[in-house]
Amino acid sequence: MRRTALDFWRVFWFLAAKGMRERMQYKASFLLTVLFRTLSTTMDFVLIAVILARFRFIDGWDVFEVALLYGPVTLARSIFDAFARELERFEHYLVSGDYDGILVRPWPTVFALLARKVDVTRIGMALQGLVLIAIGASQALPAGTLSPAGLAYLVLVLPLLGAMILTAISMATAAIGFWVIRIDDLYVFTMYAPLSAAVFPLSIYPGWLRGLLHTVIPVAFAGYLPVLFLLGKGGSGWVLVASPAVALISLWLAHRLWLTGERQYHSTGS
Amino acid sequence: MNPSMHRTLRTYAVSARMSIRRNLQYRGQHMINNFASAVFGFMYIAIWRAVTVSRPPIEGYDSQTLTYYIALCQCVLWITTFDRSGVQIAQRIRDGSAGIDLMRPLGLMGLHMSQIYGVRLYNFAFRSLPMAMIFGAAVGLPLPGGGAPRLLLIIPAWLLAMHVGATLNYLIGLAGFWTVETGWLYLSLQTLILMMGGCSLPLELMPAGMRAVAAVLPFACCGYYPVSLYLGRGGVEVLLIMFAWAAALSGLAAWLTARARLRAEVVGG
């Protein structure tokens, strides 16, 4: 039987809604998690603001421009965390043998895995991303360094592209797990460190790190390169086309790696 | 020391050793993680270099000192902060395993603290030291100066830092007796240590209000104080502050452990 996109959508939301209800069973715990997750990411930006309050610029970027970089990346991260976080827990599925349960579902395995959990506690992080973009835009729009169309790209397009790129990186890392099993520590290298790096102008990093973030772990296309161009700080308009292309190609490559890796999967047995 | 206490301490030592052994099984992955952690360090170093380049030193910190400061913070964090043992204690309360812990003829606090110590001693050998070597090779992180007198300050400071971090972690685990979810507490602790503990920026470079708050919190014991002593800043008064925090937090943990025992309401099993 051929399934339509609508079928996938329905099943995804059915499973996701169940996950959300499960999460909401402990209301106080849920609210505290939302609150402290938001505070935690807010503190990260407060730190940058504190540094820039004293030193004013980081490689020519002021705090408002950094907010325009930080905002879309934070939004992208919140979308990724909300819908694709289960990829980061993939080691648990491999070690415990729970992946067997995913394999027998009548749906593509990546889809079945992602539908297991939609984490609504990321809503605070998403709001924080929007607030940061608003703070940055409050200076950049009147100054004419950012156009309204550019702002729309930062709010509506870039976070989605970023979420796609993060999903691709995460999927590729999880796929490596089919061969090496233990991947939690690899995530620090492929996801957490690059994500933290991506909220600053990448020009400050040494060449090897910059190269890595533009190619193998292409988070540069999720923030720095498009924002650099939109703020008139350099680069070419082609980057606005290149970013979606990089997001799509990354996802395709990661999925190919996933399918190849899946053939190596050995259950832990019972 | 009476024989009973000797036996108990020996059991805690065995518990710590088992914790080290368990971690040794994963040392390969941890080595990969060390490089990733070092990337975080290089990132922060790059940020500080970008903002301080061609500027005169501020509050005694020039670009080079800040580089060493950040590198050392990355090393000390592994013995004070990066360890989810507390969350695992709370998990044992949730899944009912804490019932067995409470029945053991050992103190709950001693048992868990010895396990946390095991993790941290392992982290010192397999995380902090390799990271220090990476930073030594990459940015020339030096050995501490000042000879034996300075070492007599640095070694106790790093041990106290380990103890304060371990106790804070244990307190997160204890919170499991009162709340279902402790992940947010761990996350908050990590953020507070990174931010208010001076691991991202030294206390001297914080705005006055923030610095005043950071100075009266224990988090600086997990980053700023031990690193400052290593870099030759501060003296015995720093050690006294750290000792006071270690004693106060240990007392609080012991008191809460007694209360938690009375409150024990194990779910599941």
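Computed from the coordinates by the stated procedures, all read-outs in this text should not be read as laboratory data. A quick note: this is a predicted structure, and the numbers were derived from the prediction, not measured. Positions of Cβ are backbone-derived with ideal geometry, glycine not excepted, and every protein chain shown enters the neighbour counts.
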With R₀ set to 45 angstrom, the calculated FRET efficiency between the beta-carbons of B:Val53 and A:Leu35, to the nearest 0.05, is 0.75
Helix A:239-262: inclination vs chain A longest Cα principal axis, degrees, rounded to 10, gives 20
Computed, not fitted: 222 nm per-residue ellipticity of chain A from DSSP H runs ≥ 4 (each -39500 (n - 2.57)), nearest 500, equal to -22000 deg cm²/dmol
Checking rank on B:189-195, B:59-65, with mean other Cβ inside 10 Å and highest first, the result is B:189-195, B:59-65
Chain A: relative contact order from alpha carbon pairs under 8 Å, six or more residues apart, as a whole percent, is 25
The set of cysteines in the protein assembly as shown having no other cysteine's C-beta under 4.7 Å reads B:Cys75, B:Cys221, B:Cys222
Compactness check, segment A:5-262: C-alpha Rg relative to the 2.2 N^0.38 Å globular estimate gives 1.03
Rounded to a whole number, the mean other protein chain Cβ count within 10 angstrom for residues of A:57-65 is 2
Note on chain B: contact order normalised by length, alpha-carbon pairs under 8 Å, 6 or more apart, percent, works out to 27
Once the in-chain neighbours fewer than 8 apart are removed, the lysines whose Cα is under 21 Å from A:Lys117 read A:Lys18, A:Lys27
So the angle from the long Cα axis of helix B:236-263 to the longest Cα principal axis of chain B, reported in degrees to the nearest 10, equals 30
In deg cm²/dmol, rounded to the nearest 500, the helical mean residue ellipticity at 222 nm of chain B, built from -39500 (n - 2.57) for every DSSP H run of length 4 or more, is -24000 deg cm²/dmol
For peptide B:183-192, the mean count of other chain Cβ atoms within 10 Å per residue Cβ is 5
Rounded to two decimals, the Rg over Rh value of segment B:121-249 from Cα coordinates and the Kirkwood Rh reads 0.99
Per residue of B:199-205, other chain Cβ atoms within 10 Å number on average 2
Between B:Leu143 and B:Ser97, the FRET efficiency computed from the C-beta separation at R0 = 51 Å comes out, to the nearest 0.05, as 0.75
Distance in Å, no decimals, from the C-alpha centre of segment A:141-165 to the one of segment B:88-149 is 44
Largest fluctuation, B:Met210, B:Met196, B:Met162 only, Gaussian network model of chain B with Cα springs under 10 angstrom, belongs to B:Met210
Computed over segment A:41-146, the convex hull of the Cα set has an average projected area, in nm², of 9.0
From the Cα centre of segment A:221-238 to that of segment B:15-70, the distance in Å is 30
At the level of C-alpha centres, the distance separating segment B:154-181 and segment A:101-118, in angstrom, is 38
Stokes-Einstein D for the protein assembly as shown (25 °C, 0.890 mPa s, Kirkwood Rh from Cα pairs), in µm²/s, comes to 99
